[in-house]
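In what follows, a structure is listed as structure tokens, so that the remarks can point back to it.
The values are calculated or read from the model by the stated rules, or taken from the named source; none is laboratory data. These numbers come from a predicted model, not from an experiment. Reconstructed Cβ throughout: ideal geometry from the backbone, glycine too, with neighbour counts over all protein chains shown. These accessible areas exclude ligands, DNA and RNA; they are computed on the full protein's heavy atoms, side chains included. Shrake-Rupley method; radii C 1.70, N 1.55, O 1.52, S 1.80 Å.
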Amino acid sequence: MSKPALVPAKSTYAPEPSLSLADIHAAMDRIRDSIYLSPCARSEDFSQHTGNSVYLKLDNLQRTGAFKERGALNKLLTLTEDERARGVIAASAGNHAQGVAYHAGRHGIRAQIVMPLTTPLIKVSATKGYGAEVVLHGANYDEACEEAVRRSEHQGMTFIHAFGDEIVIAGQGTMGLEILEQVPEIEAIDAPIGGGGLISGVACAVKETKPTVRVIGVQPARLPSMKVAIAEGHPVTLSPAATIADGIAVRRAGEKTLPLVQKYVDDIVTVDEEEIANAVLLLLEREKTLAEGAGAAAIAALVNRKTSLSGKKVAVLVCGGNIDVSLLSRIMERGLVKDGRLVRLRVHLPDYPGALHRLTGILAQHRANIVETSYDRAYYGVTLGDTAIDITMETRGPDHIAEILSALSASGYTHERIL
């Protein structure tokens, strides 16, 4: 597999980064007692698979299922009494929303969240469950953000940006400090990028403490907003695009995060939808951990050799686990098909009593487990007196499928693989 060209994260963008290591340490002191110290354990499976020593930083285990509550809480704890009394408002595809809603509720602060109409139901329900008022608006994060800003000005509420706020970025950066404490010998960090708040904070914390650590960002190929911004030297608004990594589906890189990425991030790579979906399945099967698309993007890059890392101690950020169950079901099914553990065949057979029994006997002999069948006598080019049956089966893999196909051919069946 050829590797994509890496965009060097060193371009000329006017604003000077205003975040410091001291800001991140101050954030850690502020939020330490209220944020779960997520594990950063070595993964034997991914280490063997990638040729690196891989450590998974599991911030999907936070109370709200994502790292976003770090920055949200840091911001809330710095509000004045007047700002607390007027309440807060935020725009989010889900994880920032939950972080703001949960910690605002814990501190008695009214919260209003504007979410895109496409936000997964699990994230909408969870945000409401934490006590926030949810407003669904816009086709994507950017449109929701515009509405949140308008409402904040009209209602006098404090707007908490998901990534365009140094205090929020400093809160996200506390994850970098934790990684350095948990794995002092770390040599590289692999992190997803949406607007850039997480990687900016983590990269600042790590590079200012241990400059030799490489920091690599990962974006969905459909919305590589930060990668484009680095190449162009300034933020660029991309056309809308759908991705299963909805948590990092940001069309325009942050004005405040871009200078930090330029200063601290070494490489930015992209992963496609199939690679992200497969990473979700791999994490679930091999590590017994649930990640959403955005939370699995970084491991997707490492597994698919999108980075130049080899033989390194790498911390991979698994930073969110709020995935819609219907999407997870589709991801699992597609993953099983891709691995050859689920197959659908269309078999032509005579339409008389006992024909199906003979066919299923052959499948049973070869230990294929039938999970679904569907008859059709009128379509698929069947002749009069015949029928076509679609059979979905669980198998052991590609070799098992080949064995089944060979057995059907030997028995005189006309067949084709359709899934």
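All but one of (1) assigned to a loop (DSSP other than H, G, I, E, B); (2) of a type in the set (A, V, I, L, M); (3) buried (at least 23 other Cβ atoms within 10 Å of the Cβ) hold for Leu290; state the number of the condition that does not hold.
(3)
I'd like to check something: does the stretch 122-138 contain any residue that is closer than 21 Å to Ile24 by Cβ and assigned to a helix (DSSP H, G or I)? Lay out the reasoning, then the answer.
Within the stretch 122-138, the first condition is being closer than 21 Å to Ile24 by Cβ, and the residues that meet it are none.
Within the stretch 122-138, not a single residue is closer than 21 Å to Ile24 by Cβ and assigned to a helix (DSSP H, G or I).
Which ones in the stretch 53-100 are closer than 21 Å to Leu117 by Cβ, in a loop (DSSP other than H, G, I, E, B) and not small (Gly, Ala, Ser)?
Correct list: Lys68 only.
Report whether or not Gly195 is closer than 16 Å to Leu19 by Cβ and assigned to a loop (DSSP other than H, G, I, E, B).
Working: closer than 16 Å to Leu19 by Cβ: yes; assigned to a loop (DSSP other than H, G, I, E, B): yes.
Yes.
Take the residues in the stretch 25-60 that are over 14 Å from Ala188 (Cβ atoms) and polar (S, T, N, Q); name whichever of them is surrounded by the fewest Cβ atoms within 10 Å (Cβ to Cβ).
It comes out as Gln48.
Yes or no, residue by residue, for (1) β-branched (Val, Ile, Thr); (2) over 28 Å from Thr80 (Cα atoms); (3) modelled with pLDDT under 95:
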| position | (1), (2), (3) |
| --- | --- |
| Ala111 | no, no, no |
| Pro116 | no, yes, yes |
| Leu121 | no, yes, yes |
| Ala139 | no, yes, yes |
| Asp142 | no, no, yes |
| Cys145 | no, no, yes |
| Val149 | yes, no, no |
| Gly156 | no, no, no |
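Which of the residues spanning the stretch 127-152 are open to solvent by 30 Å² or more (accessible area, probe 1.4 Å), under 24 Å from the mean Cα position of the chain (by Cα) and small (Gly, Ala, Ser)?
Gly129, Ala139
Step by step: first the residues of the stretch 334-345, then only those that are open to solvent by 50 Å² or more (accessible area, probe 1.4 Å) and in a loop (DSSP other than H, G, I, E, B), then the one that is nearest to Glu275 (Cα to Cα). Which residue is that?
The initial filter retains those residues of the stretch 334-345 that are open to solvent by 50 Å² or more (accessible area, probe 1.4 Å), namely 334, 336, 338-339, 341, 344.
In the following step, the residues that additionally are in a loop (DSSP other than H, G, I, E, B) were identified as 339, 341.
Working: Asp339: 13, Arg341: 18 Å.
Among those residues, the one meeting the criterion is Asp339.
Condition first: at pLDDT 95 or above, buried (at least 22 other Cβ atoms within 10 Å of the Cβ) and among the acidic types (Asp, Glu). Can you find one or more residues in the stretch 73-84 that meet it?
Checked the stretch 73-84: no residue is at pLDDT 95 or above, buried (at least 22 other Cβ atoms within 10 Å of the Cβ) and among the acidic types (Asp, Glu).
From the list Leu258, Leu281, Leu223, pick out the single residue that is buried (at least 24 other Cβ atoms within 10 Å of the Cβ) and assigned to a helix (DSSP H, G or I). Reasoning before the result, please.
Details: Leu281 fails: buried (at least 24 other Cβ atoms within 10 Å of the Cβ); Leu223 fails: assigned to a helix (DSSP H, G or I).
One residue alone meets the criteria, Leu258.
Please state which one of Val325, Val316 is under 15 Å from the mean Cα position of the chain (by Cα) and open to solvent by 70 Å² or more (accessible area, probe 1.4 Å). Give the steps one after another, and end with the answer.
Details: Val316 fails: open to solvent by 70 Å² or more (accessible area, probe 1.4 Å).
Just a single option satisfies the conditions, and that option is Val325.
Step by step: first the residues of the stretch 235-249, then only those that are out of contact with any strand residue (DSSP E or B) (no Cβ under 9 Å at 6 or more places or on another chain) and assigned to a loop (DSSP other than H, G, I, E, B), then the one that is surrounded by the most Cβ atoms within 10 Å (Cβ to Cβ). Which residue is that?
Restricting attention to the stretch 235-249, the residues satisfying the condition of being out of contact with any strand residue (DSSP E or B) (no Cβ under 9 Å at 6 or more places or on another chain) are 235-240, 242, 246.
Checking the rest, the ones that are also assigned to a loop (DSSP other than H, G, I, E, B) come to 235-240, 242.
On the way: Pro235: 20, Val236: 15, Thr237: 12, Leu238: 17, Ser239: 7, Pro240: 13, Ala242: 13.
This residue is Pro235.
Being assigned to a strand (DSSP E or B) and out of contact with any Ser or Thr (no Cβ under 6 Å at 6 or more places or on another chain) narrows it down to one residue among Val218, Val206; which is it? Working first, answer last.
Details: Val206 fails: assigned to a strand (DSSP E or B).
On inspection, the qualifying residue turns out to be Val218.
Can you confirm whether the stretch 101-115 contains a residue that is part of a helix (DSSP H, G or I), closer than 21 Å to Arg150 by Cα, in contact with a strand residue (DSSP E or B) (Cβ under 6 Å, 6 or more places away or on another chain) and hydrophobic (A, V, I, L, M, F, W, C)? Don't jump to the end; show me each part of the working.
The first filter runs over the stretch 101-115 and keeps only residues part of a helix (DSSP H, G or I), leaving 101-106.
The next check asks that each one be closer than 21 Å to Arg150 by Cα; those that pass are 101, 104.
From what is left, the residues that are in contact with a strand residue (DSSP E or B) (Cβ under 6 Å, 6 or more places away or on another chain) are 101, 104.
Filter again for hydrophobic (A, V, I, L, M, F, W, C), leaving 101, 104.
The answer is yes; a qualifying residue exists.
What number of residues in the stretch 346-383 are of a type outside the set (Lys, Arg), modelled with pLDDT of 80 or more and either open to solvent by less than 40 Å² (accessible area, probe 1.4 Å) or not in a strand (DSSP E or B) (or both)?
Step one: filter the stretch 346-383 for residues of a type outside the set (Lys, Arg), giving 347-357, 359-366, 368-376, 378-383.
Imposing the further condition that a residue be modelled with pLDDT of 80 or more reduces the set to 347-357, 359-366, 368-375.
After this cut, where a residue has to be either open to solvent by less than 40 Å² (accessible area, probe 1.4 Å) or not in a strand (DSSP E or B) (or both) as well, the list is 347, 349, 351-357, 359-366, 368.
Summing the residues that are of a type outside the set (Lys, Arg), modelled with pLDDT of 80 or more and either open to solvent by less than 40 Å² (accessible area, probe 1.4 Å) or not in a strand (DSSP E or B) (or both) in the stretch 346-383 gives 18.
Taking interchain pairs and intrachain pairs at least six residues apart, which have beta carbon atoms under 6 angstrom, with the first residue in the stretch 95-118 and aromatic (Phe, Trp, Tyr) and the second open to solvent by less than 10 Å² (accessible area, probe 1.4 Å)?
Tyr102/Thr64
Just one of Ile169, Ile179 is open to solvent by less than 50 Å² (accessible area, probe 1.4 Å), in contact with an Asp or Glu (Cβ under 9 Å, 6 or more places away or on another chain) and part of a helix (DSSP H, G or I); which is it? If you could, list the steps in order and put the result at the bottom.
Details: Ile179 fails: in contact with an Asp or Glu (Cβ under 9 Å, 6 or more places away or on another chain).
Sole residue among the options that is open to solvent by less than 50 Å² (accessible area, probe 1.4 Å), in contact with an Asp or Glu (Cβ under 9 Å, 6 or more places away or on another chain) and part of a helix (DSSP H, G or I): Ile169.
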